[in-house]
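Heads up: the structure comes next, in structure tokens.
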Amino acid sequence: MKTRVLKVDAAKPDAAVIEEAAAALRAGQLVVFPTETVYGLGAHALDPAAVQKIFVAKDRPANDPLIVHIAHIGQVGQCAVGMPAGARKLALSFWAGPLTLILKKKPEVPDAVTAGLDSVALRVPSHRVARALMEMAALPIAAPSANRFSRPSPTTAQHVLDDLDGRVNLILDGGPTDIGLESTIVDFTVDPPVLRRPGGLTLEQVQSLVPEVTLQVGQTSADEPQAAPGQLTRHYAPSATLTLYEGSPERVVAQIAADTRTAVAQGNRVGILAPEDDLKALAPHIAPSAASGKVEVQPYGSRADVERGGRELFAAIRALDATGVSMIFASTPGSDGLARAIRDRLVRAAEGRIRTIV
Ligand code: TXA
Ligand code: MG
């Protein structure tokens, strides 16, 4: 399959381009489009054969259900049965935006979309290209993040090409995405509702409207339907072994410096993934190792600018991975607000290698 890439102005999408993409979706083809979180790999959500192609293109296990993207809250009834008051409240405030709601599904939604679950994940994206596409196609669009399985989510069209060239029909290139982290998923099929994936909308924002929402980010095994979303351990794993360091910034920096010197002395090539301020503090301590060419540093945002950190995180992981380092030492700008989502992605990438330094 030849993959076509069409540039599209994120501020004012060209109607001819959107019409072409909408026609491709209606014809059962795969179309990658930008959202405000990450790029999505879209297919006609009510066409099981089209949905099936998503799993093939991504190498995604069939037991990992997809998010259905709709144009506005009025379309919830096409896919879901009812909407609890809390879900409605969140939707009215935070749609269009980085919020996904899990609701009881309607039979019309194919099992391929929901991995046989009796619930469906729904989201209204705010990105102009995504909105124009949904309006023009007049369809709900099933779309996971447009990465190969176990690769970081794509925040640029180039990331998508790196993973999916030859596997999708069309990529709409609307430039880098705004938030850079996936949507926050809140499950309203249970009472009280549960936040299953921290993302672009913070737990604090969710609880400000629906205080009974609890945080429950669990781990499930690879062979059961994923009640807890995106929870496969390998989900965000880079090929290098990533270790996450937590504690006071000073101690984290000191420990990463010490471990970098040791690892380099043992012949390893090391990548360091950290907010700019941490890297600045680290620089004098790792100067000799860095001079040996055995250390790659990769900033993402800063402790003061966590939003930029969110925007840059996945690109930073991809860039470090591309250098071929065998180990990555990482730190986060915190653990609440938007940093909770950043930390969540790094915890997954670390597959349990977390060093808490007290
Ligand atoms: O920001 C986003 O949410 C992006 C953009 C493209 O919208 N999409 C995205 O999709 O991150 P994906 O497939 O990478 O992650 C969706 C997660 C999956 O891990 C899946 O397990 C979970 O949502 N999910 C989908 N339907 C579900 C359901 N019925 N019950 C529980 N979890 C569900
Ligand atoms: Mg994904």
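Shown is the FRET efficiency for Gln52 and Ala287, computed with R0 = 41 Å from the Cβ-Cβ distance and rounded to the nearest 0.05: 0.20.
Under conditions of 20 °C and 1.002 mPa s, the stretch 258-358 yields 155 µm² s⁻¹ as its translational diffusion coefficient, taking Rh as the Kirkwood radius over Cα pairs in the Stokes-Einstein equation. The base-10 log of I(q)/I(0) for the stretch 96-173, evaluated at q = 0.19, 0.27 Å⁻¹, reads -1.05, -1.30 [Debye formula, identical scatterers on Cα atoms, solvent excluded]. Its Cα gyration tensor gives the chain an equivalent ellipsoid. The semi-axes, each the square root of 5 times an eigenvalue, are 35, 23, 18 Å from largest down. Note on Ala304 and Gln158: with the Förster distance fixed at 30 Å, the Cβ-Cβ geometry gives a FRET efficiency of about 0.60. Within a straight-line Cα-Cα reach of under 20 Å, Lys280 can be paired with the following aspartates and glutamates, leaving aside sequence neighbours fewer than 8 residues apart in one chain: Glu246, Glu250, Asp259, Glu296, Asp305, Glu307, Glu312. Can you return the aspartates and glutamates within cross-link range of Lys58? Criterion is Cα-Cα under 13 Å, with same-chain partners fewer than 8 residues away left out. Here the aspartates and glutamates satisfying the reach criterion relative to Lys58 are Asp162, Asp163, Asp165.
The alpha-carbon positions of the stretch 1-154 define a convex hull whose volume is 107 Å³ per residue. At full extension, Lys104 and Ser248 could sit 47.6 nm farther apart than now, given 0.36 nm per residue minus the alpha carbon distance. Other residues whose C-beta falls under 11 angstrom from the C-beta of Leu41 contribute a net charge of +4, scoring Lys and Arg +1 and Asp and Glu -1. Need one number: nm distance between label points at Glu20 and Ser208, each 7 Å from Cα along Cα→Cβ, rounded to one decimal. Those two pseudo-labels are separated by 4.2 nm.
For the stretch 42-132, compute Rg over Rh where Rg is the Cα radius of gyration and Rh is the Kirkwood radius from the inverse mean 1/r over Cα pairs. All intermediate terms of the calculation are to be shown ahead of the outcome.
On the way: Rg = 13.0 Å, Rh = 13.5 Å.
So for the stretch 42-132, dividing Rg by the Kirkwood Rh gives 0.96.
Here, each number is a calculation from the coordinates, and none is a lab measurement. These numbers come from a predicted model, not from an experiment. Cβ coordinates were reconstructed from backbone atoms using ideal geometry, including for glycine residues, and neighbour counts include every protein chain displayed.
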